[in-house]
1. Residue-wise, which Karplus ³J(HN,Hα) couplings in Hz belong to segment 27-34, taking 6.51 cos²θ - 1.76 cosθ + 1.60, θ = phi - 60°, and x for glycine or proline?
2. Compute a Gaussian network model of the chain, connecting alpha carbons closer than 10 Å, and tell me which residue from VAL126, VAL200, VAL116 fluctuates the most.
3. Give the angle, between 0 and 90 degrees and rounded to the nearest 10, that separates the Cα long axis of helix 178-195 from the longest principal axis of the Cα atoms of the chain.
4. Please determine, in degrees from 0 to 90 and to the nearest 10, the orientation of helix 148-160 with respect to the longest principal axis defined by the Cα atoms of the chain, where the helix direction is its Cα long axis.
5. Going by the alpha-carbon gyration tensor, a ≥ b ≥ c the square roots of its eigenvalues, is segment 161-236 rounded (a/c under 1.5) or, if a/c is not under 1.5, prolate (a/b greater than b/c) versus oblate?
6. Could you work out the helix-only [θ] at 222 nm for the chain, with each DSSP H run of four or more residues adding -39,500 (n - 2.57) and the total divided by the number of residues, to the nearest 500 deg cm²/dmol?
7. List the residues, sorted by chain then number, that are 5 or more residues from ARG222 or on another chain and whose placed amide H is less than 5 Å from its amide H.
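Each reported figure results from applying straightforward, stated rules to the coordinates on display, with no laboratory input. Everything numeric in this text was worked out from a predicted model, so none of it was measured.
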Amino acid sequence: MSALITVDRLVKRYGSGHGTVEALREVSFEIPEGQFVSVTGPSGCGKSTLLGLLAGLNEPTSGRVVVAGQDVAALSPDARSDLRLRTIGIVFQSFNLLPTFTTLENVAVPLEFQGVPWRDARRRAVAALAAVRVPESAHDRLPSDLSGGEQQRTAIARALVIEPPILLADEPTGNLDSRTGQAILDLLAELNAVRKLTVVMVTHSTFGATYGHRTIELADGRVVRDVTAPSRPALHLVSDADPA
């Protein structure tokens, strides 16, 4: 099976001289299409730095990140933005929803950047919200009027609306209670299983990591463990009425 994501001897340093911090040290791995990968490790081990490099939000000090056949660091800033707009969906811990936009408008934003007419963008946004079970009654509400679970589902819908082959999730349950967090993990596992979406999820949660087909553990900027799980939890599919 060919790799959708290749990380080759990746190094990332911050600062200079005696103040240099090496966040990642010679990290290498491949992720095939359709795999769900959990990236774990203690705080400061380089997890979020790695995800930022996969998304092209930062540039490596050395080494390569190849996503869908493209060397991310070799791309221009505009080309990296286009990669995120068409190939990579990103979900953040803090949701990052636009506070003055409605739920529906937040989801439609990436399509507007693609030049999709509003009528088509609205239709696709409605479909994406339905896929993550955000009720229609929430479509015209502002993020401040949504529960934490609804905000994260909206953020996932926004990432999915461009129909990317890859979803990057940075601590997606970090701001949620345990029940709502499990519902979000179940949703990510469902999207991976049903849509064959490649998922790379950074998590500090041992339980959350069990949702991956595979766990890559970092410590001090290095890969210290890379194991394939024999199985993962059965999906707990929540209903539209679930308040999570």
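1. With the stated coefficients, segment 27-34 comes to 8, 9, 5, 10, 10, x, 4, x Hz.
2. Comparing VAL126, VAL200, VAL116 in a Gaussian network model of the chain, the most mobile one is VAL116.
3. The answer is roughly 80 degrees.
4. So the helix axis and the longest Cα principal axis differ by about 70 degrees.
5. It comes out rounded by the Cα gyration axes.
6. Here the helix-only value at 222 nm equals -9500 deg cm²/dmol.
7. When sequence neighbours closer than 5 places are left aside, the close amide H contacts are ARG25.
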